[in-house]
Amino acid sequence: MLTECGKLYVVATPIGNLADMSFRAVEVLKQVDLIAAEDTRHVKMLLQHYGITNKLISLHQHNENKASSVLLEKLRAGQSIALVSDAGTPLLSDPGMPLVKMVKDAGLDVVPIPGACALIAALSAAGLPVTQFSFEGFLPRTSSARKAFFSERVLSPKTWVFYESSHRILASLQDMAEILPLDRQIVIARELTKLHETIVKTGLGNALELVEQNDNMRKGEFVVIVDGAVADKKEQIITAEQEKLLKVLLRECSIKTAVAMAVEITGVRKKLLYQAALAMDKEKDA
Ligand code: SAM
């Protein structure tokens, strides 16, 4: 007789508030043969809270490929497995992708058990358009790479969202303020579902001031949501970086040449760059 293959359950766990665990998630974690967890010590607290005493195996970013092959064999042998990460939905800036891909490619069942996810929780309470959005995960670590990242998105009409840590929230907003207009609406969603949950929606300039001046606004875990560029506003924007470029060109060439070169490099309308160049020229003489 052929052994029936087991199923892989991808189980979302809370992002701070233990009560956000779903009934179904608890049932599945109780019933599976094995729980694959990002950090087995961390997940033990959650399991204890719900009286779940199940076998654990570790699956983290450093052993993912090897551990996934082992888990696939167990599924083939008929065992059912639940995958959990430290918080929220596995795979969303968390381990699990190689395992899910391997299991799908092998033609076995992968069952999602939905629940908390910081990205979705933040979007649901942000008050910014969500019909179309782009999730960017964690930002690059260096300032220059972050500025390049922001430059690529400054004219995007979609809402975009990223995860940020307490170590980098200030630096990221400072970099963003160099590239995006300071009146662009952003939402800082901090410590979601926890005691000090804070969700602030304001212009980028204000948000930066808030994070600079208030120590608490640099503590905890963050989701940052950025409003898309408005279509008719898009035409009127010159970013700080484009302005910098124009300034450098003006140092070396005439207004006419500098504007022509800036149009070619940035794709911004000539009229807009010309007005900016004239204003810079006036400032220089003042
Ligand atoms: N898989 C998780 C999910 O479903 O949201 C995300 C894991 S990722 C490694 C951790 C990041 O998610 C944090 O650095 C933070 O940016 C965001 N995050 C997680 N929990 C959060 C919370 N309670 N409030 C705000 N952001 C949170």
Next item on the list: Give the long-range amide H neighbours of ALA82: residues separated by 5 or more places, or on another chain, with amide H under 5 Å away, using H modelled in the peptide plane at 1.01 Å from N.
Entry: TYR9, LEU34, ILE35, ALA36
Next item on the list: Report, to the nearest whole %, how much of the accessible area of the chain belongs to carbon and sulfur atoms, 1.4 Å probe, protein only.
Entry: 53 percent
Item checked: Formal net charge of residues neighbouring VAL111 (Cβ-Cβ distance under 14 Å; K, R +1; D, E -1) -> +1
Notebook entry, point to check: Amide H to amide H under 5 Å from SER156: which residues, 5+ apart in sequence or cross-chain, H placed 1.01 Å off N in plane?
Noted result: ALA229
Check: Taking amide H positions as placed 1.01 Å from N in the peptide plane, with prolines and chain starts having none, which residues 5 or more places from ALA12, or on another chain, fall under 5 Å of its amide H?
Finding: ILE113, GLY115
Check: Label points 7 Å out from Cα along the Cβ direction at LYS284 and THR131: separation in nm?
Finding: 4.5 nm
Check: With the chain treated as a Gaussian network of Cα nodes joined by springs under 10 Å, which of ILE188, ILE113, ILE225 yields the largest mean-square fluctuation?
Finding: ILE113
Next item on the list: At 1.4 Å probe size, with every protein chain present, just tell me what the per residue accessible area of the chain comes to in Å².
Entry: 54 Å²
Next item on the list: Tell me the label-point distance for the pair SER166, LYS247, using the 7 Å Cα-to-Cβ offset, in nm and rounded to one decimal.
Entry: 3.5 nm
Margin query: Taking every DSSP beta bridge with both residues inside the chain, roughly what % is antiparallel (nearest 5)?
Written below: 50 percent
Next item on the list: Treat every Asp and Glu Cβ in region 8-116 as -1 and every Lys and Arg Cβ as +1, leave all other atoms uncharged, and give the resulting dipole magnitude about the Cα centre to the nearest 20 debye.
Entry: 220 debye
Item checked: Vicinal HN-Hα couplings computed from phi for region 78-87 (Karplus, 6.51 cos²θ - 1.76 cosθ + 1.60; Hz; Gly/Pro x) -> x, 7, 9, 10, 10, 9, 10, 10, 5, 7
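Can you give the extra length, in nm with one decimal, that the chain gains between HIS42 and LYS104 once fully stretched, where that is 0.36 nm per residue apart less the Cα-Cα distance?
Full-extension gain reported as 19.6 nm.
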Item checked: For ILE15, net neighbour charge (Lys/Arg +1, Asp/Glu -1) across residues whose Cβ lies under 10 Å away -> -3
Notebook entry, point to check: What is the sum of charges around SER85, taking Lys and Arg as +1, Asp and Glu as -1, for the other residues whose C-beta is under 9 Å from the C-beta of SER85?
Noted result: -4
Notebook entry, point to check: Loop-only check: which trypsin sites (Lys or Arg not before Pro) in region 92-159 are DSSP coil with at most 12 other Cβ within 10 angstrom?
Noted result: ARG141
Item checked: Above-threshold pairs, the threshold being 31 Å between Cα atoms, out of LYS147/LYS282; LYS7/LYS219; LYS66/LYS219 -> LYS7/LYS219; LYS66/LYS219
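The values are calculated or read from the model by the stated rules, or taken from the named source; none is laboratory data. Here the structure is a predicted model, which means the values were calculated and not measured. Positions of Cβ are generated from backbone atoms using ideal geometry, with glycine treated the same way; all protein chains shown enter the neighbour counts. The protein model used for the area step is the full one, side chains on, heavy atoms only, and it has no ligands, DNA or RNA in it. Shrake-Rupley method; radii C 1.70, N 1.55, O 1.52, S 1.80 Å.
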